Amino acid sequence: MPIDYQAAIRNAVEQVRSEGRYRVFADLKRRRGDFPMATWTPPTGDPRDVVVWCSNDYLGQGQNPVVLEAMHRAIDEAGSGSGGTRNISGTTHYHVELEAELADLHGKAGALLFTSGYVSNEATLETLQRILPGLIIFSDELNHASMIAGIRHGGGPRKICRHNDLEHLEALLAEAPPAAPKLVAFESVYSMDGDISDIAGTAALAKKYAALTYLDEVHAVGMYGPRGGGVSERDRAAADIDIIEGTLGKAFGVMGGYIAADSEMVDAIRSYAGGFIFTTSLPPALTAGALASIRWLKQHNEIRERHQERAAALKARFAAAGLPVMPSLSHIVPVLVGDPVHCKMISDMLLADYGVYVQPINYPTVPRGTERLRFTPTPFHTDAMMDHLTGALEQLWAKCNVARLGGVAA
């Protein structure tokens, strides 16, 4: 009997639907100069205005006139694409300047650009296992999917550490053969819970057991530290980290990923990583925009201070309303729903009835039973926007009978 491929494909999608975690993309158009407003085009009906509450453009740099002007100028000067891979005509002066700026941002000797943060994590962690045979990677259990993919694709031994648990990490390090190469891979800000790791403590443990350190700062670069170097800069721990990985697609408002490390490490990854070697490099307009964004943010700490104030203001409003805002030490403001169907229902109603866009976060992004709405306030979300959002959530929590603080349903 022939294989019914279409039936198998339909069944796979229906499985996702049946669990209440089928994803529907919101058709949005960002409006230049009007961040965080956007135009939403529903499946039926006319386009309408919405406030975006879940953007990773954390500081609104995607709308910064300085960034946009740099991108326009690069198009006028160099055209659209880069023209090839980095090895074959795709290394432009824009790439060279940006890598130097990123190295300076993190106090490292070198940096290497990738097409996305996902690729930089996956390619680097996989490649390190080729360069260092037998490398044991100690990975925090809540590390991003891109880190997990790179670790798995490398095929080497790995140990999973309980989240932000330095005692467990040390126990695992102590069990490993002393002569084996080791690497501790972790994040600074964990994007779904909003908690922050102990970078200095982790680095000290790694040094004690002769392990390298790999820090994902994608949700922190631009937003923490006096120049935007991330939590490692804020905590004065960047010098103790061997490889810092970041993105250009969140706080910097453009697109791309990178690593920063010493020159020999960067050269080795550049020479071996397939995810770097065999792909077209970032267009000049993107690299020019990222360069302008990084330089601007290095000089404007007030935008980071405003950002932290806005996040604290939203958390306070949610807590005062009895909404189940999850503890967070960062700018991430997660609100627990605990059910995928309710989570999507509330998200849909917020968009259709209140002009509020926030995407439901369901499994596999978060564990089952911890489904949530993840809010990312920016320096441009006003008090009036926060009051409107809080009032809408209060009404929907009652209407949908979702538990409030203390675990009691409305």
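Values in this text are rule-based calculations from the coordinates and carry no lab data. Model, not experiment: these values are computed from the prediction. Cβ coordinates were reconstructed from backbone atoms using ideal geometry, including for glycine residues, and neighbour counts include every protein chain displayed.
Between the C-alpha center of the range 97-114 and that of the range 46-85 there is a gap of 21 Å. The distance from the alpha carbon centre of the range 303-350 to that of the range 152-192 is 30 Å, rounded to a whole number. Taking 0.36 nm per residue of separation and subtracting the Cα-Cα distance, full extension of the segment from ASP198 to ALA179 would add 4.3 nm. Placing +1 on the Cβ of every Lys and Arg and -1 on the Cβ of every Asp and Glu, with no other charges, gives the chain a dipole of roughly 460 debye about its Cα centre. Against the chain, whose longest principal axis is taken from its Cα atoms, helix 65-78 shows a tilt of about 50°.
At full extension, ALA321 and ILE160 could sit 54.2 nm farther apart than now, given 0.36 nm per residue minus the alpha carbon distance. When each of the peptides 67-74, 193-200 is scored by how many other beta carbons lie within 10 Å of its residues on average, the order from highest to lowest is 193-200, 67-74.
Each of ARG152 and LYS29 was given a label point 7 Å from its Cα along the Cα-to-Cβ line. The distance between the two points is 3.9 nm. I'd like the antiparallel share, as a percent to the nearest 5, of DSSP beta bridges with both residues in the chain. Here the antiparallel bridges make up roughly 60 percent for the chain. Rounded to the nearest 500, the helix-only mean residue ellipticity at 222 nm of the chain stands at -13000 deg cm²/dmol, with each DSSP H run of n ≥ 4 adding -39,500 (n - 2.57). What FRET efficiency do you get for GLN395 and GLN299 if R0 is 56 Å and r is their Cβ-Cβ distance, rounded to the nearest 0.05? The formula returns an efficiency of 0.85 here. Full extension of the segment from ALA7 to ARG130, taken as 0.36 nm per residue of separation minus the current Cα-Cα distance, would add 40.3 nm. To the nearest ten degrees, helix 301-320 and the longest principal axis of the Cα atoms of the chain are 40 degrees apart. Contact order for the chain, expressed relative to its length and based on alpha carbon pairs under 8 Å spaced 6+ residues apart, stands at 21 percent.
The lysine pair count for the chain, using Cα distances under 30 Å and pairs eight or more places apart or on different chains, is 26.
The angle separating the long axis of helix 5-18 from the principal Cα axis of greatest extent in the chain is about 60 degrees.
With a simple spin-label model that places each label point 7 Å from the Cα along the Cα-to-Cβ direction, the separation between VAL66 and ASP387 comes to 3.3 nm.
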